[in-house]
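A short write-up of the structure that comes next.
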Amino acid sequence: MTDLGPVAWPPAPIRTERLVLRESEAGDRAAFIELLASPEVNTYLGGPQPRDELERTVPELPGRRPGLFVVDLDGAMIGQIMLTRRAEDVGRAAGRTELGYLFLPQAWGCGYAAEACAAALDWFADALPREPVVLATQTANDRSLRLAAKLGFTEVERFEAWGAAQWFGMRS
């Protein structure tokens, strides 16, 4: 993982019709822990992390790094979006920026992920024009595949990794 190069971070908060994409705050710690400890959220990501370990290791001000947006609905964190520039030696995403996202289960099915990811991708396209973005997900993750299509990602390849079929797409 590397930073976003010449992009100034953090940007001003990004406002959509219903959401704010912003830098993390101390009050987001419980939601960060919930995201990482949730079996539902981590079904396709190798499983949840132990809550007691997260309580010990998650900093008071979590998620402070270039490319990480907290997704805020009415003053509360409901998810996060990560735009991560991968190092030149990191597999299929090498040298590219990869989109990742996690949302709390109570935020699923409301269109928040599509709204927030589209806003983050628009911001990225303005900050780094002509820079492609990639996304990888398990082929079993139907919701993520539908979101990838909605956001304009096209399939580049399918492959096997971590004991499961994977989908890799790109958005130009």
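Results, tabulated for the structure shown:
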{"read-out": "Contacts under 6 angstrom Cβ, first residue in the range 86-115 being assigned to a strand (DSSP E or B), partner of a type in the set (K, R), 6 or more apart", "value": "T97/R85; E98/R86"}
{"read-out": "Verdict on R22 being surrounded by 15 or more Cβ atoms within 10 Å (Cβ to Cβ), touching a residue at least 60 places away in the same chain (Cβ under 8 Å) and of a type in the set (K, R)", "value": "no"}
{"read-out": "Odd one out for L83 among (1) in contact with a helix residue (DSSP H, G or I) (Cβ under 9 Å, 6 or more places away or on another chain); (2) part of a strand (DSSP E or B); (3) without any contact (Cβ under 8 Å) to a residue 40 or more places away in the chain; (4) not β-branched (V, I, T)", "value": "(3)"}
{"read-out": "Residue in the range 126-137 that is crowded, with 16+ Cβ neighbours inside 10 Å, touching a helix residue (DSSP H, G or I) at 6+ places or on another chain (Cβ under 9 Å), closer than 15 Å to V7 by Cβ and of a type in the set (S, T, Y) present", "value": "no"}
{"read-out": "Close pairs (7 angstrom Cβ cut-off, 6 or more residues apart or separate chains): touching a residue at least 40 places away in the same chain (Cβ under 8 Å) in the range 36-61, surrounded by fewer than 14 Cβ atoms within 10 Å (Cβ to Cβ) anywhere", "value": "S38/P105; E40/P105; V41/P105; Y44/A140; G46/W162"}
{"read-out": "Residue among R64, R92, R51 that is at pLDDT 95 or above and among the basic types (K, R)", "value": "R51"}
{"read-out": "Test: residue in the range 95-114 that is acidic (D, E), under 24 Å from T16 (Cβ atoms) and crowded, with 18+ Cβ neighbours inside 10 Å", "value": "yes"}
{"read-out": "Residue within the range 147-170 that is among the hydrophobic types (A, V, I, L, M, F, W, C) and out of contact with any strand residue (DSSP E or B) (no Cβ under 9 Å at 6 or more places or on another chain) present", "value": "no"}
{"read-out": "Given (1) surrounded by 15 or more Cβ atoms within 10 Å (Cβ to Cβ); (2) under 17 Å from the mean Cα position of the chain (by Cα), index of the condition K150 fails", "value": "(1)"}
{"read-out": "Which numbered condition G67 misses (of (1) small (G, A, S); (2) within 22 Å of Q106 (Cα to Cα); (3) crowded, with 18+ Cβ neighbours inside 10 Å)", "value": "(2)"}
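So that you can scan it fast, the table gives a plain yes or no per residue for (1) under 26 Å from Q138 (Cα atoms); (2) among the hydrophobic types (A, V, I, L, M, F, W, C); (3) in a helix (DSSP H, G or I):
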position: P48; (1), (2), (3): yes, no, no
position: R56; (1), (2), (3): no, no, yes
position: L61; (1), (2), (3): no, yes, no
position: P66; (1), (2), (3): yes, no, no
position: V70; (1), (2), (3): yes, yes, no
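The values are calculated or read from the model by the stated rules, or taken from the named source; none is laboratory data. Predicted model, so just to flag it, every value in this text is computed and none were measured. Because the Cβ atoms are built from the backbone with ideal geometry, glycine has one as well, and the counts that use them run over all protein chains shown.
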